[in-house]
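*Asks:* I have a structure I would like to understand better, so I am pasting it below and will then ask my questions one at a time.
The values are calculated or read from the model by the stated rules, or taken from the named source; none is laboratory data. Only a predicted model underlies this, so the values are computations on that prediction, with no experimental measurement involved. Heads up, the Cβs are rebuilt from the backbone with ideal geometry, glycines too, and the neighbour counts pull from every protein chain shown.
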Amino acid sequence: MLRYVIRRLIWVVLVLVVIVAVTYSIFFLLPAGDPAVRFAGKAPTPERIEQVRVAFGLDKPVYQQFYTFTKNLFLGDQYGWPGLGQSFVLRQPLKPVILERTLVTMQLAIGAAIVWLLVGIPIGILSALRPHSLFDRGAMFFALVGISMPVFFIGPLALYLFSYQWEILPGSGYYPLAEEGFGPWFGHFILPWCVLALLYAAFYARLSRANLLDTMSEDYMRTARAKGLPERRVIVHHALRASLVPIVTVFGLDLAGLLAGAVITETVFNIPGIGQYAVRSVFSSDLYAILDVTIVAAIVVALANLVVDIVYAFLDPRVRYT
Amino acid sequence: MPEPILDVKDLRVHFPTEDGVVKAVDGVSFTIMPGETLGVVGESGSGKSVTFLTVMGLINRRSAIVEGQVLFQGEDLLTAPKEDLQAIRGKKIGMIFQDPMTSLHPFYKVGDQIAEAIRTHEKISKKDAAERAVEMLRRVGIPRPEERARQYPHEFSGGMRQRAMIAMALSLSPDLLIADEPTTALDVTVQAQILDLVDRLQSEFNTAVAMITHDLGVVAEHCDQIQVMYGGRVVETGTADDIYYQPRMPYTWGLLRSMPRLNTEEERLHQIRGTPPSLIHLPRGCPFNPRCPYVFDRCHVDVPELLPVDGHHAAACHLTLEERERIAEQEVLERA
């Protein structure tokens, strides 16, 4: 198992190098204009442009820039480890910016994940236990609606209703827990959590319903009943465990996807997360910021995959890695 | 006269579907005496499995209409409260299933699954239950039972899994063991081992056994009584000797003739022509009439009753007893 994990981690490093290379190529192939010209200010003189070019290291050949960045990433630069470079826009080290924004996105994603797990899975289970009942039909209708509602529609609608029309909740924005306290922090997060969770809750309800229904028709469920187990134990001990294992896989990847940036939700609710920053960096051709966001996303997704595989091995004894 | 352990009276199990009512079991009656082995033979869809799943209370009552009586040691299981049923399942009636590959839970250790059955019905410690589970594995002939108890089902072969299933079903010394095609999914060499094991354990535990199978060869050696089912009904019932040497029903003849024999010149196996009937639209009259080589007018009109041939031997057929005796002697037993 340990050997497997180590091998997978080495793979992650390789994947990172490839991703940095691809991102570099895209950036330099993109017809976005010369970054040096963009950041040299209004009506720059050729000397000024040259100055900026040297300051950003853009005068060196691409492969050399790539080499320096990759080396710094793994070994650290003048701002410490990992070397994430400096922003063209801010002319400041990117590490604290990336770190802070990742933390904000984590609060958004994990909060939403808790909401959708707590809502989606119980609904799916209850539906599966009474298939075609009124509850099941109602729940699956809700799921269909939930899946069909894009965040950019439901987000502004929720903001309008809850904070403007009814004034139950404060508006958009991010209020750090440490500085503003629990109330404002929670109050401003509750809407984005729920809006983001809606889509996933609907999907998870359908998924856990389908999985549980499948499991209920397995032969070993009949064996469990034939043993004389009380129905409660049959469901909880025999059916749920088997039916929820596949959800672990999906959950790992979904959460990773969100940790890499929930662009629309962050934009709608004006939350300074990593996804919002990624979009802004692309529009301003801020090379190292784009690279850093991509790397964060890659690391999160790769690690989430690894965690899913490890958790799977613990949940399902048939899965063993060597 | 001893009381039967299981007395099923006029059992009907109908499943309403969009295409019509599936009459899976349609008026089945039989008894099993303590310690006796009943063989239940029939094709897929003859209602043999559904009959015994109903006995176990494993048919979803929301999707089926169940009528009749299932008296187990005097108590009607069809009307018994849920708690009584749970107390009987596993404790007094054990059941093993056709496919041992999928009948054990893949996520739990084999020993734990057996111990779970024991602890459901008896107040004993986890440790004692685990020891009992190992002991049961030993009794069903699993080598190194201590080690095997800690393994998962996927680490067992098919035969070993069926042994483990038998260990689980017998762990509480039930009065009745229902074996639903216990050897169908196994290799031929393993089949014989499992059947011998059931035989041996039956005398050790003094358990009555209901052996469901589509293989007449299986029931011949291992069963006292045999009951042949077709289209949701019992069409012939009697001792193993009755069925083998004095069969009195064309479907039974077909089954006997389609058994492979070594002492014959014929190279092709005999087959019963046609396919099993639709349980939604059973043929009018005798359900076997579209496939019966001896069919005549009355077969298309009346449903034959299960009438005594002699003693407990009974068959459902409109042909006269003399005719059937003649056909059985001349055409079936000769060639079979």
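*Asks:* Give segment A:57-84 a look and list any residue that's outside any helix (DSSP H, G or I) and in contact (Cβ under 8 Å) with a residue 60 or more places away in the chain, or say none.
*Replies:* Answer for segment A:57-84, where residues must be outside any helix (DSSP H, G or I) and in contact (Cβ under 8 Å) with a residue 60 or more places away in the chain: just A:Leu84.
*Asks:* Also, I was wondering about something else. Looking only at segment B:129-153, filter to residues that are of a type in the set (Lys, Arg) and more than 21 Å from B:Gln193 (Cα to Cα); which one of those is farthest from the other protein chains (Cβ to nearest Cβ)?
*Replies:* My answer is B:Arg132.
*Asks:* Would you check if there is a residue in segment A:135-150 being in contact (Cβ under 8 Å) with a residue 60 or more places away in the chain, of a type in the set (Ser, Thr, Tyr) and more than 30 Å from B:Pro174 (Cβ to Cβ)?
*Replies:* No, segment A:135-150 contains no residue that is in contact (Cβ under 8 Å) with a residue 60 or more places away in the chain, of a type in the set (Ser, Thr, Tyr) and more than 30 Å from B:Pro174 (Cβ to Cβ).
*Asks:* Of the residues that sit in segment A:15-46 and are closer than 18 Å to A:Val62 by Cβ and polar (S, T, N, Q), which one is surrounded by the most Cβ atoms within 10 Å (Cβ to Cβ)?
*Replies:* A:Thr23
*Asks:* Okay, next question. Please report, ordered by residue number, the strands (runs of 3 or more DSSP E) entirely within segment B:21-99 with at least 1 residues that are within 14 Å of chain A (Cβ to nearest Cβ). Spell out how you get there, then give the answer.
*Replies:* On the way: elements: B:37-41, B:65-72, B:93-96.
Fully inside segment B:21-99 and qualifying: B:65-72, B:93-96.
*Asks:* With the requirement that a residue be more than 27 Å from the chain's Cα centre (by Cα) and surrounded by 12 or more Cβ atoms within 10 Å (Cβ to Cβ), what does segment B:262-301 give you?
*Replies:* Correct list: B:Tyr294, B:Val295, B:Arg298, B:Cys299, B:His300.
*Asks:* Please verify whether segment B:163-184 includes one or more residues that are in a loop (DSSP other than H, G, I, E, B), modelled with pLDDT under 90, hydrophobic (A, V, I, L, M, F, W, C) and buried (at least 17 other Cβ atoms within 10 Å of the Cβ).
*Replies:* So far as segment B:163-184 goes, no, none of its residues is in a loop (DSSP other than H, G, I, E, B), modelled with pLDDT under 90, hydrophobic (A, V, I, L, M, F, W, C) and buried (at least 17 other Cβ atoms within 10 Å of the Cβ).
*Asks:* Within segment B:106-128, restricting attention to residues that are part of a helix (DSSP H, G or I) and surrounded by fewer than 21 Cβ atoms within 10 Å (Cβ to Cβ), which residue is farthest from the other protein chains (Cβ to nearest Cβ)?
*Replies:* Looking at the filtered set, the residue picked out is B:Lys127.
*Asks:* Right, next: Give segment B:89-105 a look and list any residue that's of a type outside the set (Gly, Ala, Ser) and either at positive phi or crowded, with 23+ Cβ neighbours inside 10 Å (or both), or say none.
*Replies:* Pass one, segment B:89-105, residues of a type outside the set (Gly, Ala, Ser): B:89, B:91-93, B:95-102, B:104-105.
Answer for segment B:89-105, where residues must be of a type outside the set (Gly, Ala, Ser) and either at positive phi or crowded, with 23+ Cβ neighbours inside 10 Å (or both): B:Arg89, B:Ile93, B:Met95, B:Ile96, B:Phe97, B:Pro100, B:Leu104, B:His105.
*Asks:* Further, regarding this structure: Out of A:Tyr160, A:Tyr164, I need the residue that is over 17 Å from A:Ile123 (Cβ atoms), at pLDDT below 90 and not aliphatic (A, V, I, L, M). Which one? Quick ask: steps written out before the conclusion?
*Replies:* On the way: A:Tyr160 fails: at pLDDT below 90.
Exactly one of A:Tyr160, A:Tyr164 is over 17 Å from A:Ile123 (Cβ atoms), at pLDDT below 90 and not aliphatic (A, V, I, L, M), namely A:Tyr164.
*Asks:* Does segment A:239-248 include one or more residues that are away from chain B (no Cβ under 14 Å), surrounded by fewer than 23 Cβ atoms within 10 Å (Cβ to Cβ) and hydrophobic (A, V, I, L, M, F, W, C)? Steps first, please.
*Replies:* Of all residues in segment A:239-248, those away from chain B (no Cβ under 14 Å) come to A:247.
Now narrow it down to the ones that are surrounded by fewer than 23 Cβ atoms within 10 Å (Cβ to Cβ): A:247.
With hydrophobic (A, V, I, L, M, F, W, C) added as a condition, the list becomes A:247.
Yes, segment A:239-248 contains a residue that is away from chain B (no Cβ under 14 Å), surrounded by fewer than 23 Cβ atoms within 10 Å (Cβ to Cβ) and hydrophobic (A, V, I, L, M, F, W, C).
*Asks:* Mind checking which residues of segment B:282-298 are within 21 Å of B:Ala328 (Cβ to Cβ) and assigned to a loop (DSSP other than H, G, I, E, B)?
*Replies:* Correct list: B:Cys286, B:Pro287, B:Phe288, B:Cys292, B:Pro293, B:Tyr294, B:Val295, B:Phe296.
Matching residues to (1) closer than 24 Å to A:Gly261 by Cβ; (2) among the hydrophobic types (A, V, I, L, M, F, W, C):
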{"site": "A:Gln51", "(1), (2)": "no, no"}
{"site": "A:Asp59", "(1), (2)": "no, no"}
{"site": "A:Tyr79", "(1), (2)": "yes, no"}
{"site": "A:Lys95", "(1), (2)": "yes, no"}
{"site": "A:Ile121", "(1), (2)": "no, yes"}
{"site": "A:Ile125", "(1), (2)": "no, yes"}
{"site": "A:Leu134", "(1), (2)": "no, yes"}
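*Asks:* Can you report the number of residues in segment A:1-38 which are at pLDDT below 80 and either over 31 Å from the mean Cα position of the chain (by Cα) or of a type in the set (Lys, Arg) (or both)?
*Replies:* Narrowing segment A:1-38 to residues at pLDDT below 80: A:1, A:27-38.
This time we only want the ones that are either over 31 Å from the mean Cα position of the chain (by Cα) or of a type in the set (Lys, Arg) (or both), so: A:34, A:36-38.
The number of residues fulfilling the criteria is 4.
*Asks:* Only one residue in A:Val268, A:Val296 is in contact (Cβ under 8 Å) with a residue 40 or more places away in the chain, away from every other protein chain (no Cβ under 14 Å), within 29 Å of A:Leu2 (Cα to Cα) and surrounded by 20 or more Cβ atoms within 10 Å (Cβ to Cβ). Which one?
*Replies:* Matching residue, one of A:Val268, A:Val296: A:Val296.
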